[in-house]
Amino acid sequence: MARIGDRGEMEAFVRSVELGGFSAAARELKLTPSALSKLVSRLERALRVRLLSRTTRKLTPTPEGELFLARCRRILAEMEDAENEVGRTARSAPSFMRSTFRSSISNSTSTSG
């Protein structure tokens, strides 16, 4: 089975279902409806399963799409939590890292002479 290309495909799929269509999801994600549709189609090809039933009026997840939707929501939430956690750590680390870096430079220049 092919792998999912990137997080953007999952986000496109989830937001399309949540907002009921490609146009609304595309506006939110700052994409064209065509680009968003291609992301979802690429995801379906990679998984070799139809995730959405499409009509001219709305999108509804297939049974496989419902299963995948629940998993994608969990994965995306975990990714967001991880990014937030790392971001908090990174914001508190620079002053420590700068002083450590300066100390190591000072020590290497004073001992190399």
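Mind telling me which of the residues Ser104, Ser41, Ser23, Ser34 ends up being of a type outside the set (Phe, Trp, Tyr) and modelled with pLDDT under 80?
Ser104
Does Thr62 satisfy the criteria of being more than 23 Å from Glu83 (Cβ to Cβ) and exposed (fewer than 13 other Cβ atoms within 10 Å of the Cβ)?
Details: more than 23 Å from Glu83 (Cβ to Cβ): yes; exposed (fewer than 13 other Cβ atoms within 10 Å of the Cβ): no.
No, not satisfied.
Count, please, the residues in the range 1-23 that happen to be outside any loop (DSSP other than H, G, I, E, B) and either closer than 18 Å to Ala77 by Cα or within 18 Å of the chain's Cα centre (by Cα) (or both).
Counting residues in the range 1-23 that are outside any loop (DSSP other than H, G, I, E, B) and either closer than 18 Å to Ala77 by Cα or within 18 Å of the chain's Cα centre (by Cα) (or both) gives 14.
Any idea how many residues of the range 1-28 are touching a Ser or Thr at 6+ places or on another chain (Cβ under 9 Å) and either without any contact (Cβ under 8 Å) to a residue 24 or more places away in the chain or surrounded by 17 or more Cβ atoms within 10 Å (Cβ to Cβ) (or both)?
The first filter runs over the range 1-28 and keeps only residues touching a Ser or Thr at 6+ places or on another chain (Cβ under 9 Å), leaving 12, 16-17, 20, 22, 24-26.
So of that shortlist, the ones also either without any contact (Cβ under 8 Å) to a residue 24 or more places away in the chain or surrounded by 17 or more Cβ atoms within 10 Å (Cβ to Cβ) (or both) come out as 12, 16-17, 22, 24-26.
Summing the residues that are touching a Ser or Thr at 6+ places or on another chain (Cβ under 9 Å) and either without any contact (Cβ under 8 Å) to a residue 24 or more places away in the chain or surrounded by 17 or more Cβ atoms within 10 Å (Cβ to Cβ) (or both) in the range 1-28 gives 7.
Out of (1) part of a helix (DSSP H, G or I); (2) more than 15 Å from the chain's Cα centre (by Cα), the odd one out for Thr60 is which?
Status for Thr60: all satisfied but (1).
Could you check the range 29-55 and list, in sequence order, the residues that are surrounded by fewer than 14 Cβ atoms within 10 Å (Cβ to Cβ) and either assigned to a helix (DSSP H, G or I) or of a type in the set (Ser, Thr, Tyr) (or both)?
If the condition is that a residue be surrounded by fewer than 14 Cβ atoms within 10 Å (Cβ to Cβ) and either assigned to a helix (DSSP H, G or I) or of a type in the set (Ser, Thr, Tyr) (or both), then Thr32, Ser34, Arg45, Ser53, Thr55 are the ones that fit.
The values are calculated or read from the model by the stated rules, or taken from the named source; none is laboratory data. Quick caveat, the model's predicted, so the values are computed rather than measured. Cβ coordinates were reconstructed from backbone atoms using ideal geometry, including for glycine residues, and neighbour counts include every protein chain displayed.
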